[in-house]
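**Q** Structure in structure tokens, see below.
The values are calculated or read from the model by the stated rules, or taken from the named source; none is laboratory data. Computed from a predicted structure; not experimentally measured. We place every Cβ from the backbone using ideal geometry, glycine too, and count neighbours over all the protein chains shown.
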């Protein structure tokens, strides 16, 4: 497979790479087995390295030119990496493939066959978890008006139309790329850019198909492994996606009330700090989205901004209230009556439980009575109660640790939100960076 072949290849396979040295050999080896690429000038493979700090580039260079390597000086995210590869691609069928995938023999033939229908603009794959037949993705659907993207895990033996297919393994007709462009890089570092691409293609009248015979194994989320980063990227992407695909009127009328209910129910027990930060980020970027996508006037932009601000403040209020209730309920479990704890006060060392001490006020025989009571207690109950005491002391310390953790969460929320609020306020007062005008 050479990158300098003439005539132009039929297929261009673009692989965005970020610290993927552990996965690239298996991915590239599976591509080499694709008979649709024979003779080899039918395919070109373009790897776009997003400033990896591992040996990703060296792995690609070791192939001696079989894979064309493009290097970005910084991490442009999934969309930015794909776009650079797509801009350099020469094929009629443009394929985006994750670095942590392996494709089965016949994958490319099955994927490309559906483009015989001129109405098909984008095609996606049957994606399985590695080493199993457990289905990860057979296309997806959108939960409106919240914009929640759901992976489907069903599907027939025939291609089916879907609302969207994942960018982990996606093919697009060149004509579609020429008409709607590539991925929206505003979804950096990832999440929802593939969903956005599919909805833009469907808006132009193209079909988005799930192709069951195009089978791919996918490791899933190897670029972003930190849970908080994943959640933050998802929430930022979701809010941008909804702004792009719901008119401002529908956004205000349908999304805002649904989002308020989502805050109360959907985010309980999750890492909701990422949602607070996503609201702040969207306040900074909403104006540009509304102007570009909807040509929204300033008055509409202000309405959307005010609604986002209200959602932010309400979510922050709910979170502080929930955490404070958790702190207070834990403190009520102590065996002694202690005052309600303020979220900013230090946590006291949990009390240690003592043995029962027996006393008697009877004259002369009092010490004998108390001694007999102690003896009976030692024989009948001491060892069992000592065991229970040790368990309770462990519980006390666990509860104290939980309280400290809750207080740290409150402090983190206060600190990070104050920083971002100051940043937001600063941008509002600078006329060159106002998000709404």
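**Q** For segment 152-176, what are the residues that are closer than 29 Å to residue 80 by Cβ and assigned to a loop (DSSP other than H, G, I, E, B)?
**A** Within segment 152-176, 152, 162, 163, 165, 166, 167, 168 meet the criteria.
**Q** What are the residues in segment 67-81 that are in contact with a strand residue (DSSP E or B) (Cβ under 8 Å, 6 or more places away or on another chain) and touching a residue at least 40 places away in the same chain (Cβ under 8 Å), if any? Working first, answer last.
**A** Of the residues in segment 67-81, the ones in contact with a strand residue (DSSP E or B) (Cβ under 8 Å, 6 or more places away or on another chain) are 67-72, 74-78, 80-81.
Residues satisfying the conditions are 67, 68, 75, 76, 77, 78, 80, 81.
**Q** Then there is this: From the list 213, 156, 194, which one is closer than 20 Å to residue 13 by Cβ, touching a residue at least 24 places away in the same chain (Cβ under 8 Å) and surrounded by fewer than 19 Cβ atoms within 10 Å (Cβ to Cβ)?
**A** On inspection, the qualifying residue turns out to be 213.
**Q** Next question, about the same structure. Filter segment 58-73 down to the residues that are in contact with a helix residue (DSSP H, G or I) (Cβ under 9 Å, 6 or more places away or on another chain) and in a helix (DSSP H, G or I) and list them by number.
**A** Selection gives 59, 60.
**Q** Kindly evaluate residue 95 against the criterion of being assigned to a loop (DSSP other than H, G, I, E, B) and either under 24 Å from the mean Cα position of the chain (by Cα) or modelled with pLDDT of 95 or more (or both).
**A** no
**Q** So, residue 237, is that one in the same structural domain as residue 309 (by TED's automatic domain parsing), touching a strand residue (DSSP E or B) at 6+ places or on another chain (Cβ under 9 Å), within 21 Å of residue 280 (Cβ to Cβ) and at pLDDT below 95 or not?
**A** In short, no.
**Q** Checking the structure you have, find out if any residue of segment 98-106 is touching a helix residue (DSSP H, G or I) at 6+ places or on another chain (Cβ under 6 Å), closer than 14 Å to residue 214 by Cα, modelled with pLDDT of 95 or more and exposed (fewer than 15 other Cβ atoms within 10 Å of the Cβ).
**A** No - not one qualifying residue is present in segment 98-106.
**Q** Kindly indicate which of 86, 111, 76 is in contact with a helix residue (DSSP H, G or I) (Cβ under 8 Å, 6 or more places away or on another chain), in the same structural domain as residue 137 (by TED's automatic domain parsing) and modelled with pLDDT of 95 or more.
**A** Every option except 86 fails the conditions.
**Q** Residues being closer than 24 Å to residue 242 by Cβ and without any contact (Cβ under 8 Å) to a residue 60 or more places away in the chain: count how many of those fall in segment 114-152.
**A** Matching residues across segment 114-152 total 7.
**Q** Looking at (1) at negative phi; (2) free of Cβ contacts under 8 Å to residues at least 40 places away in the same chain, find the lone condition where residue 177 falls short.
**A** Here residue 177 meets the rest and fails (2).
**Q** Report yes if some residue within segment 56-68 is closer than 27 Å to residue 233 by Cα, surrounded by 20 or more Cβ atoms within 10 Å (Cβ to Cβ), at pLDDT 95 or above and assigned by TED's automatic domain parsing to the domain that holds residue 198; otherwise report no. Working first, answer last.
**A** Just the residues of segment 56-68 that are closer than 27 Å to residue 233 by Cα, to begin with: 56-57.
When the remaining residues are screened for being surrounded by 20 or more Cβ atoms within 10 Å (Cβ to Cβ), the result is 56.
Subsequent filtering for residues that are at pLDDT 95 or above retains none.
Checking segment 56-68: not a single residue is closer than 27 Å to residue 233 by Cα, surrounded by 20 or more Cβ atoms within 10 Å (Cβ to Cβ), at pLDDT 95 or above and assigned by TED's automatic domain parsing to the domain that holds residue 198.
**Q** Among residues belonging to segment 11-25 that are over 23 Å from the mean Cα position of the chain (by Cα) and crowded, with 16+ Cβ neighbours inside 10 Å, point out the one that is farthest from residue 182 (Cα to Cα).
**A** Within segment 11-25, the match that is farthest from residue 182 (Cα to Cα) is 11.
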